[in-house]
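A.B. asks: One structure, as structure tokens, below. Some questions next.
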Amino acid sequence: MTKKVLCMLFLALFMLSVSQATASNGTQIGTVGARSTAMGSCFRGLSDDWSAVYFNPGGLTQLSSKWTIGFSGAAIMPRGSYTALPYPAAMAPFSGMNLNEVDATARNFLVPALGVFYKASEKLTIGLGVYAPFGLGTEWDFIDVPASYGNTVGISKDKESYSDHQVITIQPTIAYKVSDKLSIGLGVSYIHGKMDLDMVKLAFNPAAASWPALTVGLAGYGVTLPALTPDQYRLLLENNLSGAGTAYGANFGIHFQATDKLSIGLSGRYCTDLKLEGDNTQTLIMHGDAVKFATLDAVPAAAFASAEDPTGAATKAMLMGVFSGMNMTTKSDVEAKLPLPITAGAGIAYKATDKLTIVADASWTQWSTWDVIEVEMEDADNLELKQDWTDTIELGCGFEYSASDMLAIRAGFYTVDSPVPDATMNPTLLDPNRRNVITGGLGLNLGKITLNFTGEYVLFADKEINEYEFDAATGVAENYAGTYKFNAMVFTLGAQINL
């Protein structure tokens, strides 16, 4: 196969891999602290326990003990299905594409978080937070290689579509009480991310466009070239991408105790680009057609000569390779600068009674930074991948009710739209539509130790995408049109120890 065709197919598939490999809102976790999560993650205005390191570090001055240790573990259980829309007739449908409703493989994710803080003085608190702001992944079986394809090697995995994303943040943090009412906080973050992505795409068979002309041309050599079968208009491309990288960031916050009953919080998070380095293995899964292979083999190379290939040898080898029934694998080192979004928000906490506290939050996430992504490749020019994601607004509210000195009852709700346009939507993102989340939990005060439990139900409205977007050169679909159904359950256990 010619280097030009290989490069074109590789670039199209790698760009799609990058676009699916990192975080949309579907992988933005935010399960730091069971207490704060139970109140709809509306904690910027309250921020009076260890999880303020994530929501609003300015609130850490409210910690009353010399040492405060907090931790939580969230079990995230996403579930979903996808029903593919058939390719239009003009875009060469493939019989191995599953058009039935396909369930994602049931996968559960454990996401821990930790904070340790020292109150150096009445005004100064220092400490360290460790948490995972992004993560999760999916596994699907969308494509089977039909017997008519003629390749006995096939795809390397039974479930060919797999993604796993992990991002961990280590954040030393300092908070200072400027006055009786005002506190500020700042955390500096080291961010490490890793990613594994397996996927299979359907590309145009590079021989298909020239097949009619080739049939006529070879007739002059007394050769009858068999017509392509319907499945031979596309080639299967398997892509396996693995990489890791680092970024740096800052998390800042302001906490203002306006009155005895009302507090206000402002916070924001900034990150540099995640510089991902890794390797990509791409496999072209060729058709196995002994008749076409033998027919092409019997033709002199000169019959395939052109201005680009004066001897015709390269073109003949490419055509025979397409029908050889072999798998052709190439490996490359890759680098990509993946933008992590800026987030800013505000929240309030109002103590309605001695027992009831009401909270509300609003935040903005700059997903429009996923506009153009820079990709660097070994032995190739840099690329710019256009994504056109949009910014999102998250709104939420919640409450905490102290039923007794020992027992607290909490609940909340938040909603946020998906930043991903229909033109790049795919099932790996876990975020096909507006996300509505209902939360609830309990707290048990045992003196120096407080135990917390939270349950969340994450509901997405069904999403229908009625049109594919195809790369004009390669025929690779840039999105997955069809019907998406997703939901998730999240259970979080946490504790705070005051020493």
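A.B. asks: Quick check of the Kirkwood formula: for the range 352-491, what is the inverse mean of 1/r over all pairs of different Cα atoms, in Å?
C.D. replies: Mean inverse Cα-Cα distance, inverted, gives 18.4 Å.
A.B. asks: Evaluate E = 1/(1 + (r/R0)^6) for residue 451 and residue 422, where r is the Cβ-Cβ distance and R0 equals 51 Å; express this FRET efficiency to the nearest 0.05.
C.D. replies: My answer for the efficiency is 0.70.
A.B. asks: Right, here's the next one. Within 10 Å of each residue's Cβ, count the other Cβ atoms and sort 435, 35 from fewest upward.
C.D. replies: With the fewest neighbours first, 435, 35 line up as 435, 35.
A.B. asks: Determine the sum of side-chain charges near residue 59: Lys and Arg each +1, Asp and Glu each -1, restricted to other residues whose C-beta is under 11 angstrom from that of residue 59.
C.D. replies: In short, 0.
A.B. asks: Using a 7 Å offset from the Cα along the Cα-to-Cβ direction at both residue 364 and residue 174, what is the distance between the two label points in nm, to one decimal?
C.D. replies: Computed distance between label sites residue 364 and residue 174 equals 2.9 nm.
A.B. asks: Please find the FRET efficiency linking residue 121 to residue 406, where r is the Cβ-Cβ separation and R0 is fixed at 30 Å, and quote it to the nearest 0.05.
C.D. replies: 0.45
A.B. asks: So which helices of the chain fit the span-like rule, where a helix is a whole DSSP H run, its Cα atoms reach 18 Å or more along the axis, and its mean Kyte-Doolittle is at least 0.0?
C.D. replies: 3-21
A.B. asks: After finding the eigenvalues of the alpha carbon gyration tensor for the range 76-233, what semi-axes result from the square roots of 5 times each, listed largest first in whole Å?
C.D. replies: Semi-axes from the Cα gyration tensor: 58, 18, 13 Å.
A.B. asks: Oh, and also: What value, in deg cm²/dmol to 500, does the helix sum -39500 (n - 2.57) over DSSP H runs of n ≥ 4 give at 222 nm once divided by the residues of the chain?
C.D. replies: -3000 deg cm²/dmol
A.B. asks: I've got another one for you. Straight distance only, please: which lysines reach the Cα of residue 316 with their own Cα at less than 17 Å, same-chain residues fewer than 8 apart left out?
C.D. replies: Straight-line reach from residue 316, under 17 Å: 3, 4, 292.
A.B. asks: What is the extension gain from residue 85 to residue 156, computed as 0.36 nm multiplied by their sequence separation minus the C-alpha to C-alpha distance, in nm to one decimal?
C.D. replies: Residue separation times 0.36 nm, minus the Cα-Cα distance, leaves 23.1 nm.
A.B. asks: Defining a contact as two alpha carbons under 8 Å apart and six or more residues distant in sequence, what relative contact order in percent does the range 267-345 show?
C.D. replies: Once normalised by length, the contact order is 56 percent.
A.B. asks: Tell me the label-point distance for the pair residue 224, residue 376, using the 7 Å Cα-to-Cβ offset, in nm and rounded to one decimal.
C.D. replies: In this crude label model, residue 224 to residue 376 measures out at 5.7 nm.
A.B. asks: Can you tally the net charge around residue 177? Count Lys and Arg as +1, Asp and Glu as -1, for every other residue whose Cβ sits under 12 Å from the Cβ of residue 177.
C.D. replies: +1
A.B. asks: Dividing the alpha-carbon Rg of the chain by 2.2 N^0.38 Å yields what?
C.D. replies: 1.17
A.B. asks: Residue 150's amide H: which non-local residues (gap 5+, or another chain) put their own amide H closer than 5 Å, with H modeled 1.01 Å from N in plane and none for Pro or chain starts?
C.D. replies: Result for residue 150 returns 288.
A.B. asks: My understanding is that a pair violates if its Cα-Cα distance is over 29 Å; which of 201/463; 194/448; 123/355; 351/485; 119/351 do that in this structure?
C.D. replies: Going by Cα-Cα distance, 194/448; 351/485 fall outside the 29 Å limit.
A.B. asks: Right, something else. How far apart, in nm, are two points set 7 Å out from the Cα along the Cα-to-Cβ line at residue 246 and at residue 181?
C.D. replies: 4.3
A.B. asks: Please find the FRET efficiency linking residue 190 to residue 352, where r is the Cβ-Cβ separation and R0 is fixed at 41 Å, and quote it to the nearest 0.05.
C.D. replies: Efficiency for this residue pair is about 0.55.
A.B. asks: Once you list every other residue whose beta carbon is under 12 Å from the beta carbon of residue 156, what net charge do they have if Lys and Arg are +1 and Asp and Glu are -1?
C.D. replies: With Lys, Arg at +1 and Asp, Glu at -1, the net is -2.
Bear in mind that the values in this text are calculations on the coordinates, not laboratory data. No experiment lies behind these values; they were computed from the predicted model shown. Cβ atoms come from the backbone with ideal geometry, glycine included; neighbour counts cover every protein chain shown.
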